[in-house]
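I have placed the structure first, in the form of C-alpha cells, so that the comments after it can refer back to it.
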Amino acid sequence: MMRGIRGATTVDRNESSEIISHTKELIDAMVQENELSPPNIASVFISVTNDINADFPAKALRLLDGWKFVPVMCMQEINVPGSLAKCIRVMITANTERNQEDVVHIYHYQAKKLRPDLIREEERNG
C-alpha cells in the first residue's frame, strides 16, 4: 500500500551545514521509525519557508546509502503570515504494509508545534 509519511524540522540559521544536517536527521528518523528502504520509496517532496535559501535540503538525501535513484524535489512553502519560520517540511511517499494510523510522522525542534496531535509522548518531552 502506498502511504504518505510527513515530517518537519527547523533550523536556527539559514546556513548550508545546518539545513543539510537537520534534514538528514529528520529523514533518518522517518526511515527508521517507519522501517523504510529506498527501493520502496516512490518520491520525496521537500518544502522550505522563504527564509531558507542557503542550500537545497535535498542534498541531505544524497548522503544516504542507496538513495541515488529516489526522486526528490525541493520547493518553497506558501508564505503565510505568522507561520513557523525557518521550517523544512518533508513528504515521503512509500510502499509499506503499515495501516495509515500506524505510520509514524516525525517533527523535530520548533516544528513539533505544527502537529502536536501526531507526536508521541516520548518525543514531546525529549
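The values are calculated or read from the model by the stated rules, or taken from the named source; none is laboratory data. Note that the structure is predicted; figures quoted are calculated from it, not measured. Quick reminder, even Gly has a Cβ in these numbers, built from the backbone with ideal geometry, and neighbours come from all protein chains shown.
Sub-8 Å Cβ pairs linking a first residue in the stretch 26-53 that is outside any helix (DSSP H, G or I) to a second residue that is among the acidic types (D, E), at least 6 apart or interchain, are S47/E77; V48/E77; T49/E77; N50/E77, ordered by first then second residue.
Taken over the stretch 14-42, residues that are surrounded by fewer than 17 Cβ atoms within 10 Å (Cβ to Cβ) and either within 17 Å of Q76 (Cα to Cα) or of a type in the set (V, I, T) (or both) amount to 3. Can you tell me which residue is surrounded by the fewest Cβ atoms within 10 Å (Cβ to Cβ) among those in the stretch 86-101 that are more than 15 Å from the chain's Cα centre (by Cα) and over 16 Å from A29 (Cβ atoms)? Going through the qualifying residues, I end up with E101. Answer yes or no as to whether M75 is surrounded by 15 or more Cβ atoms within 10 Å (Cβ to Cβ), modelled with pLDDT of 95 or more and within 12 Å of M91 (Cβ to Cβ). Criteria not met by M75.
What residue, among those in the stretch 102-112 that are closer than 11 Å to E33 by Cβ and touching a residue at least 60 places away in the same chain (Cβ under 8 Å), is surrounded by the most Cβ atoms within 10 Å (Cβ to Cβ)? Checking each candidate, the answer is I106. In the stretch 61-69, the condition of being at pLDDT 90 or above and buried (at least 16 other Cβ atoms within 10 Å of the Cβ) is met by at least one residue. The residue of the stretch 60-85 that is nearest to D28 (Cα to Cα), among those that are touching a Ser or Thr at 6+ places or on another chain (Cβ under 8 Å) and not hydrophobic (A, V, I, L, M, F, W, C), is G66. Does the stretch 32-42 include one or more residues that are touching a helix residue (DSSP H, G or I) at 6+ places or on another chain (Cβ under 6 Å) and not β-branched (V, I, T)? Within the stretch 32-42, none of the residues are touching a helix residue (DSSP H, G or I) at 6+ places or on another chain (Cβ under 6 Å) and not β-branched (V, I, T). Any residue in the stretch 94-114 that is in contact with a strand residue (DSSP E or B) (Cβ under 6 Å, 6 or more places away or on another chain), modelled with pLDDT of 95 or more and more than 15 Å from I5 (Cα to Cα)? Checking the stretch 94-114: not a single residue is in contact with a strand residue (DSSP E or B) (Cβ under 6 Å, 6 or more places away or on another chain), modelled with pLDDT of 95 or more and more than 15 Å from I5 (Cα to Cα). For the stretch 60-71, residues that are more than 16 Å from S37 (Cβ to Cβ) and free of Cβ contacts under 8 Å to residues at least 40 places away in the same chain total 1.
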